[in-house]
Every structure is written in structure tokens, then in C-alpha cells.
Number of protein chains: 2
Amino acid sequence: MRKAVLTYGLLGGALIALLQAVQYRYLVVDHSLEIYGGLVALIFVALGIWLGLRITGRRERVVVREVTVPGPPEFTRNDAKVEALGLTPRELEILEFIAAGLSTREIAERAFVSENTVKTHSSRVFEKLGARRRTQAVQLGKAFGLIP
Amino acid sequence: MRKAVLTYGLLGGALIALLQAVQYRYLVVDHSLEIYGGLVALIFVALGIWLGLRITGRRERVVVREVTVPGPPEFTRNDAKVEALGLTPRELEILEFIAAGLSTREIAERAFVSENTVKTHSSRVFEKLGARRRTQAVQLGKAFGLIP
DNA sequence: CCGGAAATCATCCGAACGGGTGACGCGCGC
DNA sequence: GCGCGCGTCACCCGTTCGGATGATTTCCGG
């Protein structure tokens with residue numbers, strides 16, 4: 001910015017010097033009015049440039065660049081999706097157990113219910129998710145942000 | 001840009017009209033030189049402003065603010081673990097299919113092999129991973145960095 | 001050329017899974 | 001109180017899965 005102004009200033013000065021040199025060689029004194037006008041014009045053009053830059057100011061554009069960091073994303077459950085699918089807390093819990101790689105029996109033990117109950121819950125999870133297999137339920141569950 | 005020029009033009013015109021009105025009321029003709037000079041100055045200031053904006057362009061200082069976003073970590077296969085477990089490329093491929101939630105039959109179709117072959121591969125994957133179920137294999141595979 | 005790893009396909013069988021259906025109790029809101 | 005959602009449990013049946021085992025082909029390195 002300052003460099004630009006300086007450049008224009010020097011350029012203007014050079015031009016004036018040139019004009020003067022030219023004037024004294026080829027022009028007579030009665031052209032002084034035009035030359036004076038030209039100088040005034042030059043000066044005020046320079047002033048205008050300075051003013052223009054001054055007034056408008058430099059505008060800053062803030063560019064927000066999102067940088068994906070390799071770190072593990074903290075998991076936040078997609079409650080909206082849970083709501084939309086109509087998944088109950090218990091069903092979500094069983095889905096997590098399934099995703100952990102547990103068998104029906106193991107889930108039953110950890111959840112303190114019978115295997116039949118686990119099967120019922122998982123069946124409901126499957127139909128709500130539109131899955132036909134445990135692995136598919138897990139895949140969909142992760143894709144929907146239901147489980148970490 | 002054009003709007004700015006227009007604005008300055010109109011402003012200049014208005015000023016000139018004002019000056020003329022003022023001139024004819026309070027100033028005598030022998031002040032015409034100063035007025036002329038002022039007008040010239042005004043015009044060239046306007047020109048200068050326009051030129052300044054034109055030449056230097058709208059200089060924008062781009063401030064890049066990097067915001068770390070919790071985005072998904074890019075996956076890089078843990079080849080050392082693959083080596084250590086002795087998993088073959090084909091087995092790894094079948095593991096990925098399993099993780100995608102596909103059934104044995106679907107995997108067979110996509111891999112252009114028989115279901116029996118898929119079963120053989122998956123069995124080997126299970127014993128190498130120490131898994132007893134598909135879901136467990138998927139869980140371990142992800143934990144080991146074998147699959148995304 | 002020969003041995004071994006990898007990939008392919010097969011058969012058998014028991015266990016696990018998925019789908020369907022029915023039922024019961026509990027708490028909550030109309 | 002009645003209905004409803006939720007959680008619980010049960011039985012049946014067909015499918016899929018997992019485990020064990022054996023065989024063949026292909027390719028690569030010693």
C-alpha cells in the first residue's frame with residue numbers, strides 16, 4: 001500500500017520534472033497556464049489516489065479453511081436419527097452389544113435378560129434399521145451415528 | 001466499481017451546480033480562476049480516486065484462519081498387523097465385505113467365487129483374528145486397523 | 001523341478017441367527 | 001381405568017454361520 005503510494009509519488013515527480021524539461025525547451029512562457037493546470041491536475045490526481053485508497057481502506061477477507069485433523073472424532077450420538085427411527089434405549093443398548101462383537105448369549109448375560117429377549121430386541125433393531133444381518137445392523141448403526 | 005464511479009460523478013455534478021449557484025450569488029467574476037481551479041481540483045481528485053481504485057484493484061488481505069475440525073481420520077491400513085496375523089490379501093478383502101454387512105452369498109457374488117470359498121476365507125480370518133463371530137471379526141478388524 | 005503358500009471348491013453337522021407370532025407386566029398419559 | 005409403548009419371555013422354523021476336513025490348481029522361490 002505505502003509502496004504503491006510512494007511509487008505513484010515518485011512517478012508523478014518524474015513526470016513533472018520531465019514536463020518542466022520539455023517546457024523549457026520547446027514551450028514558451030505563455031503556455032504556463034496549461035502547465036500549471038496540468039501540475040494541479042497531477043497533484044490532485046495523486047491526492048485522489050491517496051484519498052481513494054485511504055477512504056475505501058483495505059478490506060480483509062477472512063478465509064476459514066477447515067483442516068481435518070487426524071485425531072479420532074469424539075462420538076456424539078445422532079439423537080435425531082434415533083428419534084426418527086423410533087429406537088428405544090434398550091434396543092440401542094443391544095445394538096451396541098452387537099457392535100462389540102458379542103453373541104446373543106453373551107449379550108443376554110451382560111444385560112441380565114434371557115436370550116429370547118435379546119433376540120426380540122435385535123429383531124426390532126433390524127426392522128427399524130432395515131438390516132437383515134447383525135453385521136449390516138452394525139454398519140448402518142455406525143453410518144447413522146447411532147453407535148461409536 | 002461502476003456504482004462508485006457513478007456516485008462520484010453525481011456527487012461532483014452536484015458540487016459543481018452548488019458552486020455555480022454560490023458563485024453567482026456571492027462571488028464576483030474575478031474569483032472565477034479560483035473556482036475553476038477548485039473545480040479542476042475536484043474533478044481530478046475524483047479521477048484520482050477512481051484511478052487509484054482501478055489501478056491498485058481491490059486489494060484483499062486474505063487471512064487464513066485454520067480451524068481444526070473433528071472430521072474423520074483418514075484410514076491407513078496397519079500392514080504390520082496384517083503381516084503379524086498372516087492375513088492374505090483375499091482374506092482381508094473378505095473381511096472388508098463382511099464389515100460392509102454383506103451375507104456370505106452376496107460376498108460370493110461380488111468376489112466372483114463360490115459361497116464355499118467365502119466360507120473358507122472367513123473361517124481362516126476368524127481363526128487368525130481369534131474371532132468366533134462375524135461381528136467380532138469386524139470389531140477386531142477395526143481395532144487392529146485392518147479395515148476402515 | 002519340487003515344496004509351500006494361496007486361492008479355490010466341496011461336504012457334513014451342530015450352533016447361531018433371523019422371522020413370525022403370541023403373551024404378560026409395568027408405567028404413563030388421556 | 002384404558003390404551004399404548006416398552007421391556008420381557010417363549011416357541012417354532014428355516015436360513016445362515018462356523019468348524020472340521022479334504023481336495024485341486026496356480027504361482028513363486030529355492
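Values in this text are rule-based calculations from the coordinates and carry no lab data. None of the values given here were measured: they were computed from a predicted structure. Because the Cβ atoms are built from the backbone with ideal geometry, glycine has one as well, and the counts that use them run over all protein chains shown.
Things to note:
- A:Ser114, A:Ser122, B:Ser103 arranged by Cβ crowding within 10 Å, fewest neighbours leading: A:Ser114, B:Ser103, A:Ser122
- Here is how far apart the A:Glu83 label points are across copies: 5.1 nm, shortest first, using a point 7 Å from Cα toward Cβ.
- Label-point separation in nm, B:Arg90 to B:Thr120, each point 7 Å along Cα→Cβ: 0.6
- Scoring B:95-102, B:128-135 by mean Cβ neighbours within 10 Å over their residues and listing the highest first yields B:95-102, B:128-135.
- Subset of A:Lys81/B:Lys119; A:Lys119/B:Lys81; A:Lys81/A:Lys128; B:Lys119/B:Lys142; B:Lys81/B:Lys128 violating a 23 Å alpha-carbon distance limit: A:Lys81/B:Lys119; A:Lys119/B:Lys81
- Each copy carries B:Ala143; placing its label point 7 Å along the C-beta direction from Cα gives inter-copy distances of 2.5 nm, listed from smallest up.
- With a 10 Å cut-off around each Cβ of A:99-106, the average count of Cβ atoms from other chains is 4.
- Inter-probe distance in nm under a simple model that places probes 7 Å from Cα toward Cβ, at A:Arg65 and A:Asp79: 3.6
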